[in-house]
1. How large is ³J(HN,Hα) for each residue in the range 143-159, as worked out from phi by the Karplus curve 6.51 cos²θ - 1.76 cosθ + 1.60 (θ = phi - 60°), to whole Hz, x for Gly and Pro?
2. Using θ = phi - 60° and the Karplus relation 6.51 cos²θ - 1.76 cosθ + 1.60, list the HN-Hα couplings for the range 25-35 in order, rounded to whole Hz, with x at every Gly or Pro.
3. Mind jotting down the distance between the C-alpha centroids of the range 91-128 and the range 21-87, whole Å?
4. Order 105-111, 45-51, 81-87, 162-168 from most to least packed using the mean count of other Cβ atoms within 10 Å.
5. Can you bin the range 125-177 into rounded, prolate or oblate? Criterion: square roots of the alpha carbon gyration tensor eigenvalues sorted a ≥ b ≥ c, rounded for a/c under 1.5, prolate for a/b above b/c, oblate for the rest.
6. Please list, in order along the range 63-73, the HN-Hα scalar couplings obtained from phi with the Karplus expression 6.51 cos²θ - 1.76 cosθ + 1.60 (θ = phi - 60°), rounded to whole Hz, x for Gly and Pro.
Amino acid sequence: MTVQNDLSREDVASYEAELAKRTPSLYSRYIGAMLYFMGAALIAGAVVHYPVNPGLYTIICVVGAFVFLLGTIVNEFVLVDERPRLSRAISLVAFSLLLSFGVGLVGGGIQHFEQFPERSAWMTPIGLLMSYVAFIAKDAKGGLRHLVSPFAAGVVLVAALTWFGMSALATTVDSESHSHDSTPAPSQAPAEDPTLAKPTDAPAAPAPDTHTSHSH
């Protein structure tokens, strides 16, 4: 009886040690979460500010996508007990990228609605639908039945109401006074009234000829 208890205790201790070894540390989970959030934040800012400076925000968007994919690798490949197969890995990377853009569209559209009302009105609902489809396709337990379900219908309804509501509000928002463009508009000086122009000075009269004529 004592031997069995000792063996069971050893088994439990071995199991706990193995479990602690497989559980990601707090710092690892923090790094994974930050990569996710930072990638989504960069994409959110880039997609909504793209018209302001296309070259700059294209670079920021690419960097954000890379950071989000790096977070996917850390969370889905490094911090897991069993790594996915190649086909599953490709699916994870592809739909994680789609998810990052969906989250970016929703976040950017909501935060910058006042500056870009018309763009935000379609970015936000499209991002909501994109994020839901991408998450279902990315999750191991997701399937087609989750895309055709009452919950999915609710997501579509929320997206439609968001589009109608933000589109209606966009017509009442003056976006010109909140432009992100830092270049000030050139001031237009009022045209001068030609009738008020100062008269030009009259040409000076020629000096009298002081030389006397000499007849020879």
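Any read-out appearing in this document is the output of simple, stated calculations on the displayed coordinates, not a laboratory observation. Everything numeric here is computed off the predicted structure, so don't read it as measured data. Note: ideal-geometry Cβ built from the backbone for every residue, glycine included; neighbour counts use all protein chains shown.
1. For the range 143-159, the Karplus-derived couplings read x, 4, 5, 7, 8, 10, 8, x, 5, 4, 4, x, 5, 4, 5, 4, 5 Hz, x marking Gly and Pro.
2. Using θ = phi - 60°, the values come out as 6, 4, 5, 5, 5, 5, 4, x, 5, 5, 5 Hz.
3. 15 Å
4. 105-111, 45-51, 162-168, 81-87
5. Oblate, because a/c is 1.5 or more while a/b does not exceed b/c.
6. Along the range 63-73, the couplings run 4, x, 5, 5, 5, 5, 5, 5, x, 4, 5 Hz.
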